[in-house]
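First comes the structure, then the notes that go with it.
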Amino acid sequence: MGLMEGISAQATFTNPILGGDFPDPTILRDGHDYYLTNSAFDYQPGLVVYHSRDLVNWTPVSYALKTYLGSIWAPDIKKYKGKYYIYFTVHGDRRTNCVVWADSPAGPWSDPVDLNIGDIDPCFVEGNDGRCYLVMSGGNRWTLTDDCLAVVPGSKVHFYDGWIYPEEWQTEGFCLEGPKVYHIGKYFYYISAEGGTAGPPTSHMVVVARSESIDGPWENMPSNPLIHTWSRQERWWSKGHGSLIDTPDGQWFCVYHAYENGFYNLGRQTLMQPVHFTDDGWIKADGGDASGVMTAPGQQRSGERLARLSEFRMGLEWRFYKSFDPSRVSVDGQRLTLRGQGNSLGTSAPLMFIAGAHKYEIEAEISLQGQVRAGLCLYYNDQYNVGTAFDGQRRYRYRRDKANGVGQTNTQHLWLRLRNDEHVVTAYWSNDGKTWQRETWGQEISGFNHNTLYEFQSVLPGVFCEGEGQAIFSHFKYREL
């Protein structure tokens, strides 16, 4: 959705509603306001909370994790008795599940509370018996204590087996996960993911079951799945992990994630489709394969997720990979000072943001202080990355975390530009920010994706500084091409 001035009467939208790496969306309506967060995986600060008034234009308002715990999976955001909770899985030295809470979605959020339970993908739900529960992957459930910050010991039960899809379907595996349970009218609706989150294009799906009691028995929807990629010719692959959301005037939507055909290295993007309840109480998705223009929930408002990129707002637009050390960062207006770390792009813990576009370029004026090498990068992980940089003597090309000199500079001050044109990466440099010269190298990076490299990462643009000293980045620009 492009940047709009004021309010537009055009009540339509096209997917994605959050372009780029926004997997495992979980969404909450609080009056006329919507809040959404996603899996953080290895990016920190983690669990960024986004706000919208129209379900289409989103802006970041807070982040819930200030320390690196491990890879953060499949959160669930809920409001209960005036407080806001985010439950999430930690995949680190050990697998566990945690919760943070706040009095406002804008934070501040509490430190994580370890629930010390297994399984993945927690979902909070209030039962018809007045108790609160945490539904987990595999059809399991725990009872929560009254403060919702712990589970009742020994309360784990298995209460749902999933929907058995046809055996000839091509999936990554059964993978009953991503539960979202809602009490709507006379039924509890159990929305779950099956088929695996990657693998074949037709793997993932959103499955529906219902029951009149939180304890079951659960009846699977005869027309399952609700959301699914049926053919590899579709634009959106591996559609799944859905959440339901309603509007104040009674419209319903399913928010979920999917990979884009031909752009796997953008990660799983957040999509939305209208849904409606049928006369017999089941759910049907509208909008076909999600690639066309669809009816939006009312008037659309101004919003641009990346409008404040040049302010280097840590934890909102900008994030580290694994090594979150806020002491390395100092921001003065639109000037970022980044202290060096490590001796390569991979060990430097670059500072990055989610672009989400097929074609774009980033640019910055860079000044060096000390024995450092600094520049711009496109980063999947500490082994698979590409970048352009310089030190006081030479310019460098990075490929698979290896730096090779490509030209003399003999300066501590340079402008650099990095372009990603549908996976083809090229670089430019300038002495004055006006006259640019293109480097002779180029690289193709479509293979930097989860199906090839695992880790649930995506290719993110960013800045980095390695060595002893620091680099000052100013006049940062991001342009979609």
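The values are calculated or read from the model by the stated rules, or taken from the named source; none is laboratory data. This is a predicted model, so every value here is computed, not measured. Positions of Cβ are generated from backbone atoms using ideal geometry, with glycine treated the same way; all protein chains shown enter the neighbour counts. Heavy atoms of the whole protein, side chains included, go into the accessibility calculation; ligands, DNA and RNA do not. Shrake-Rupley method; radii C 1.70, N 1.55, O 1.52, S 1.80 Å.
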Original post:
If you bin the C-alpha pair distances of segment 221-291 every 10 Å from 0, what whole percents do you get?
Top reply: 19, 51, 24, 6, 0
Subject >> Counted charge near Arg308, where neighbours are those whose Cβ lies closer than 14 Å (Asp, Glu -1; Lys, Arg +1) >> reply: 0
Original post:
Under 5 Å between amide H atoms, partner at least 5 residues away or on a different chain: which partners does Leu144 have, H built in plane at 1.01 Å?
Top reply: Cys132, Tyr133, Leu134, Val152
Subject >> Table column - 3J(HN,Hα) (Hz), segment 157-166, Karplus curve with 6.51, -1.76, 1.60, x for Gly and Pro >> reply: 9, 9, 9, 7, 9, x, 9, 8, 7, x
Original post:
In whole Å, what are the Cα extents of segment 346-481 along the three principal axes, biggest one first?
Top reply: 41, 31, 24
Original post:
Taking amide hydrogens as modeled 1.01 Å from N in the peptide plane, which residues meet the under 5 Å criterion relative to Gly342, leaving out close sequence neighbours?
Top reply: Gly467
**OP:** Describe numerically, in nm with one decimal, the distance between label points set 7 Å from Cα along Cα→Cβ at Lys186 and at Thr247.
**Re:** 2.8
Subject >> Stretchable slack from Ser330 to His32, in nm (0.36 nm times residue separation minus alpha-carbon distance) >> reply: 103.7 nm
**OP:** Would you calculate the volume per residue, in Å³, of the smallest convex hull containing every Cα atom of segment 72-178?
**Re:** 126
Original post:
What value does the chain have for Rg/Rh, both radii from Cα atoms and Rh as Kirkwood defines it?
Top reply: 0.99
Subject >> Dipole-positive endmost among Cys132, Ile120, Val99 within segment 83-160 (Cβ charges, Cα centre) >> reply: Ile120
Subject >> Mean Cβ neighbour count within 10 Å, used as a protection proxy, ranking 426-436, 250-260, 357-367 highest first >> reply: 250-260, 357-367, 426-436
**OP:** Based on the mean of other Cβ atoms within 10 Å per residue, sort peptides 50-56, 110-116, 70-76 so the most packed one is first.
**Re:** 70-76, 50-56, 110-116
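Compute, for the chain, the length of the dipole vector about the Cα centre, with Cβ point charges of +1 (Lys, Arg) and -1 (Asp, Glu) only. Units Debye, rounded to 20. If you can, show how the numbers build up before the last one.
Details: 43 positive and 55 negative charges, 295 e Å.
For this selection, approximately 1420 debye.
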Subject >> Segment Ser223-Asn451, extension gain: residue separation times 0.36 nm, minus the distance between their alpha carbons >> reply: 79.1 nm
Original post:
Extent of segment 1-127 along each principal axis, from alpha carbon coordinates, in Å, largest to smallest?
Top reply: 49, 32, 26
**OP:** Express in % the proportion of alpha carbon pairs of segment 180-306 at distances exceeding 22 Å.
**Re:** 38
**OP:** Taking the Cβ of Asn128 as the centre, find all other residues whose Cβ is under 12 Å away and add up their charges (Lys, Arg: +1; Asp, Glu: -1).
**Re:** -2
Original post:
How far, in nm, would the chain grow between Asp93 and Asp421 when pulled straight, counting 0.36 nm per residue and subtracting the alpha carbon separation?
Top reply: 114.3 nm
Subject >> Relative contact order [Cα under 8 Å, 6+ residues apart], segment 111-176, whole percent >> reply: 23
**OP:** Calculate, for segment 176-252, the solvent-accessible area per residue in square angstrom, rolling a 1.4 angstrom probe over the heavy atoms of the protein chains.
**Re:** 32
Original post:
To the nearest 0.05, what FRET efficiency results for Asn410 and Glu304 with a Förster distance of 35 Å applied to their C-beta separation?
Top reply: 0.30
Subject >> Dipole moment magnitude, nearest 20 debye, segment 322-421 about Cα centre, only Lys, Arg, Asp, Glu C-beta charged >> reply: 280
Original post:
Given a Förster distance of 35 angstrom, what is the FRET efficiency for His475 paired with Asp103, based on the Cβ-Cβ distance and rounded to 0.05?
Top reply: 0.35
Original post:
Per-residue HN-Hα couplings for segment 126-133, Karplus 6.51 cos²θ - 1.76 cosθ + 1.60 at θ = phi - 60°, whole Hz, x for Gly and Pro?
Top reply: 8, x, 6, 9, x, 8, 9, 10
Subject >> Amide proton proximity set for Arg305, modelled H, under 5 Å, gap of 5+ >> reply: Trp58
Original post:
How large is the convex hull of the Cα atoms of segment 12-59 per residue, expressed in Å³ as a whole number?
Top reply: 74
Subject >> Vicinal HN-Hα couplings computed from phi for segment 87-93 (Karplus, 6.51 cos²θ - 1.76 cosθ + 1.60; Hz; Gly/Pro x) >> reply: 9, 7, 9, 10, 10, x, 4
**OP:** Calculate, for segment 8-116, the solvent-accessible area per residue in square angstrom, rolling a 1.4 angstrom probe over the heavy atoms of the protein chains.
**Re:** 33
Subject >> Two-site label geometry, Lys322 and Glu212: point separation in nm, points 7 Å out along Cα→Cβ >> reply: 5.4
Original post:
Ranked highest first by average number of other Cβ atoms within 10 Å, how do 276-289, 200-213 line up?
Top reply: 200-213, 276-289
**OP:** Using Cα centres only, tell me the gap between segment 404-421 and segment 300-343 in whole Å.
**Re:** 21
Original post:
log₁₀ I(q)/I(0) of segment 230-378 at q = 0.16, 0.19, 0.20 Å⁻¹, via Debye over equal Cα point scatterers, no solvent, to two decimals?
Top reply: -1.01, -1.21, -1.29
**OP:** For the chain, with all protein chains present and a 1.4 Å probe, just round the carbon and sulfur fraction of the accessible area to a whole percent.
**Re:** 46
**OP:** Can you check how the C-alpha radius of gyration of segment 409-455 compares to 2.2 N^0.38 Å, as a plain ratio?
**Re:** 1.52
**OP:** Place +1 on the Cβ of every Lys and Arg and -1 on the Cβ of every Asp and Glu in segment 260-415, take the dipole about the Cα centre, and give the residue among Ser291, Met352, Thr270 whose Cα lies farthest towards its positive end.
**Re:** Met352
Original post:
Scaled to the compact-protein estimate 2.2 N^0.38 Å, what is the alpha-carbon radius of gyration of segment 134-230, rounded to two decimal places?
Top reply: 1.15
